[in-house]
Amino acid sequence: MASESQNWVLVVTARTPTNIAVIKYWGKRDEKLILPVNDSISVTLDPDHLCTTTTVAVSPSFDQDRMWLNGKEISLSGGRFQSCLREIRSRASDVEDKEKGIKISKEDWEKLHVHIASYNNFPTAAGLASSAAGFACFVFSLAKLMNVNEDQSKLSAIARQGSGSACRSLFGGFVKWIMGKDKNGSDSLAVQLADEEHWDDLVILVAVVSSRQKETSSTSGMRESVETSLLLQHRAKEVVPKRILQMEEAIKNRDFASFAQLTCADSNQFHAVCLDTSPPIFYMNDTSHKIISIVEKWNRSEGTPQVAYTFDAGPNAVLIARNRKVAALLLQRLLFYFPPNSDSDLNSYIHGDKSILQDAGLAGLKDVEALPPPPEIKDNIPSQKYRGDVSYFICTRPGRGPVYLSDESQALLNPETGLPK
């Protein structure tokens, strides 16, 4: 290390989106390398609304690798963190920062320790793919810090070893995770099918039904499904390969009817696999089922799908509307059935792109109370309201991939000490 002083700290900050799978990944053929039993396809969500921000720092004064998640120090001793760190370190190159007089040679990286601080602007471990955004950001920011000269797909294969779906968060828009054939996992990586501009009519509403940590983690749930579910074997071999081709076609042609039909069917089959697991796994709850029913009734009454729904390993609904006008009508329906508690205000009930409230003609709680029942409800039976069953909604859209943040004020670590601000 050519720098005279041992006091320097080099810092990199990045922001990475989360993603939601429309053709699901569920089940590994190799637990250690995180190699899936089938391909999957996802939509990257706008990082302005759902993202992980990570700052990584290196300094000769650090005596061990350390990490903080959402302000709390966590252990880095887990195999997944270690795999990602090892893979990135082995690809590190020389780094020079002339302004700070810092020179780090390729060999130095083996001896230097890093500090990592990460922050999710949405609930962790609640079925909103926080680990996907987290590990993608972990790998992306460390790769920048250590001057790793690999393309995004190669980096995605490293992020995959942290969390499978993390590989899909290294791209914006529509992304495919190719399961690969090699035993070493070198060909199990993500590729972009289309960027976020390709189908920018789509609007995405997330109903956060519960931000509590889930009872069965995805990791143990998948293992149990692979061991006990015959439906999973059938799905991986017979169903998903055809759906992947159909979904690629639907995305390419912006064919919403096919996209919605495939998305809903694949979500339902994933949850059927969970029920087919022994013991059965329940990720959705009554509120999830009510939301499916609302969307199904509306889609059927229109004769063509207006909204697609998909649920990951948790009860939160991700609803994809064909355009903004439909999204406003969807929000009216959701607020009719799931109004906020009377002591909260509408502004704190809708996160993300709040302008959807104007499109839906909703300025306050009075407007929500005045919403008429959706026209597809027959027989004028008084509709039951489920106040309090949804914690909040997030309005977002397909978004861009990871970005570096050059503004030091956005860093989570102090550039002088390398400790959390």
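The values are calculated or read from the model by the stated rules, or taken from the named source; none is laboratory data. For clarity, every value in this text was computed on a predicted model and none was experimentally measured. Cβ coordinates were reconstructed from backbone atoms using ideal geometry, including for glycine residues, and neighbour counts include every protein chain displayed. In case anyone asks, the SASA skips ligands and DNA or RNA and just uses the protein heavy atoms, side chains included. Shrake-Rupley method; radii C 1.70, N 1.55, O 1.52, S 1.80 Å.
State the extension gain, in nm to one decimal, for the chain segment bounded by THR228 and ASN341, taking 0.36 nm per residue of separation less the distance between their alpha-carbons.
Value of the extension gain: 36.5 nm.
By its C-alpha gyration tensor, with a ≥ b ≥ c as the square roots of the eigenvalues, how is the stretch 203-311 shaped: rounded for a/c under 1.5, else prolate for a/b larger than b/c, else oblate? It comes out oblate by the Cα gyration axes.
Maximal additional length on extending the LYS154-ARG89 stretch stands at 22.0 nm, based on 0.36 nm per residue less the C-alpha distance. Protein heavy-atom accessible surface, 1.4 Å probe, per residue over the chain: 43 Å². By the helix-only formula, in which each DSSP H run with n ≥ 4 contributes -39500 (n - 2.57) and the sum is divided by residues, the chain has a 222 nm mean residue ellipticity of -9500 deg cm²/dmol. Calculated FRET efficiency, PHE282 to ASP97, Cβ-Cβ distance, R0 = 56 Å: about 0.60 to the nearest 0.05. In order along the stretch 7-16, the phi-based Karplus estimate (6.51 cos²θ - 1.76 cosθ + 1.60, θ = phi - 60°) of 3J(HN,Hα) comes to 9, 6, 10, 10, 10, 10, 10, 9, 10, 10 Hz; Gly and Pro are listed as x. Averaging the Cα positions of each part gives two centres, and for the stretch 1-50 and the stretch 310-356 these lie 27 Å apart. Over the stretch 64-109, the fraction of Cα-Cα pairs per 10 Å bin, rounded to whole percents and listed from the shortest bin up, is 22, 37, 33, 7. Applying 1/(1 + (r/R0)^6) with r as the Cβ-Cβ distance of LYS242 and LYS183 and R0 = 41 angstrom yields a FRET efficiency of 0.95. Straight-line cross-link partners of LYS290 among the aspartates and glutamates, defined as a Cα under 12 Å from its Cα and at least 8 positions apart when in the same chain: ASP389. Spin-label model, THR417 to ASN268: label points 7 Å out along the Cα-to-beta-carbon direction sit 5.6 nm apart. The trypsin sites (Lys or Arg not before Pro) of the stretch 2-42 that DSSP puts in a loop, and whose beta carbon has at most 12 other beta carbons within 10 Å, are LYS32. Stretching the chain fully between GLN358 and GLN261 yields a gain of 32.0 nm (0.36 nm per residue, less the alpha carbon separation). All C-alpha to C-alpha distances of the stretch 8-197, sorted into 5 Å bins beginning at zero, yield P(r) values of 1, 9, 17, 21, 19, 16, 10, 5, 2, 0 percent in whole numbers. With Cα atoms defining each centre, the stretch 358-410 and the stretch 159-227 are spaced 25 Å apart in the structure. With no solvent and one equal point scatterer placed on each C-alpha of the stretch 322-384, evaluate the Debye formula and give log10 I(q)/I(0) for q = 0.11, 0.14, 0.16, 0.30 Å⁻¹, two decimals. Result of the Debye calculation: -0.25, -0.40, -0.52, -1.45.
The shape of the stretch 203-396 comes out prolate: with a ≥ b ≥ c from the C-alpha gyration tensor, a/c is at least 1.5 and a/b beats b/c.
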